[in-house]
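Notes follow once the structure below has been shown.
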Amino acid sequence: MNITVYCGAREGNDPEFAKRAEELGAWMAKKGHRLVYGGGRDGMMGRVSNALLEGGGQATGITPAFFVLAEETREDLTELEIADNMSSRRERMMELGDAFIALPGGTGTLDEIAEVMAMKRIGMLGKVNKPVMVYNVNGYYDHFFEFLDDMADREFCRREDRDNVIEVACIEDIERALETAGSIDETRNSKYDK
């Protein structure tokens, strides 16, 4: 399974963030899941990709050319795709993903997972279920989930759309969420079908 992972190019100030990124990468390699991510070598991106590659896993990096020129991209990946810009990068990462996980990160991570959430909401991720998970390491995303709940309470989104964002706190939660991957997505909005 291709798992698209969004995370920071920095590690943050809690050692647990890096530890969980490494744990995720090692688990993905062991289970034979392919990492799809932004292609970075630093921060959380570096931690998850290092652990995956050290475990013999495969990784596809999607990065814009300006990150390559700035030497912020790994060169030892199974596959590296150069995108024209950030928008085409996000689009390609969504296209390749069978499931999506946001680890702790900054505004870029938030931007990417929010777009996945919106695309799932309108049914643009396809007819099969592609779980959308937010890895809430040490409460990093507590306020984010409170905001989503408030958004649903104030009726800016349906409760079922809010519930499509799965809070995970450990590898076992991720494994449970992945059990539904590939099944027909009963929650998708089919009115936008082409």
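Hey, among TYR135, TYR140, which residue is among the aromatic types (Phe, Trp, Tyr) and touching a Pro at 6+ places or on another chain (Cβ under 7 Å)? Quick ask: steps written out before the conclusion?
Working: TYR135 fails: touching a Pro at 6+ places or on another chain (Cβ under 7 Å).
Result of the check over TYR135, TYR140: TYR140.
When you look at GLY182, is it in contact with a strand residue (DSSP E or B) (Cβ under 7 Å, 6 or more places away or on another chain), under 28 Å from ASN13 (Cβ atoms), of a type outside the set (Phe, Trp, Tyr) and assigned to a loop (DSSP other than H, G, I, E, B), yes or no? Here the answer is no, as GLY182 does not meet what is asked. Does MET133 qualify as being surrounded by 14 or more Cβ atoms within 10 Å (Cβ to Cβ), free of Cβ contacts under 8 Å to residues at least 60 places away in the same chain, out of contact with any Leu (no Cβ under 8 Å at 6 or more places or on another chain) and not in a helix (DSSP H, G or I)? It is true that MET133 is surrounded by 14 or more Cβ atoms within 10 Å (Cβ to Cβ), free of Cβ contacts under 8 Å to residues at least 60 places away in the same chain, out of contact with any Leu (no Cβ under 8 Å at 6 or more places or on another chain) and not in a helix (DSSP H, G or I). The criterion of at least 2 residues that are in contact with a strand residue (DSSP E or B) (Cβ under 6 Å, 6 or more places away or on another chain) and either surrounded by 18 or more Cβ atoms within 10 Å (Cβ to Cβ) or without any contact (Cβ under 8 Å) to a residue 24 or more places away in the chain (or both) is met by the following helices (runs of 4 or more DSSP H) wholly inside region 3-84: 43-54, 65-69. Close Cβ contacts (under 7 Å, 6 or more residues apart or on different chains) running from residues in region 102-116 that are farther than 15 Å from GLU167 by Cβ and of a type in the set (D, E, K, R) to residues that are outside any helix (DSSP H, G or I) and modelled with pLDDT of 95 or more comprise GLU112/TYR6.
The values are calculated or read from the model by the stated rules, or taken from the named source; none is laboratory data. Quick caveat: nothing in here was measured; it's all calculated off a predicted structure. Neighbour counts run over all protein chains shown; Cβ positions are idealised from the backbone, glycine included.
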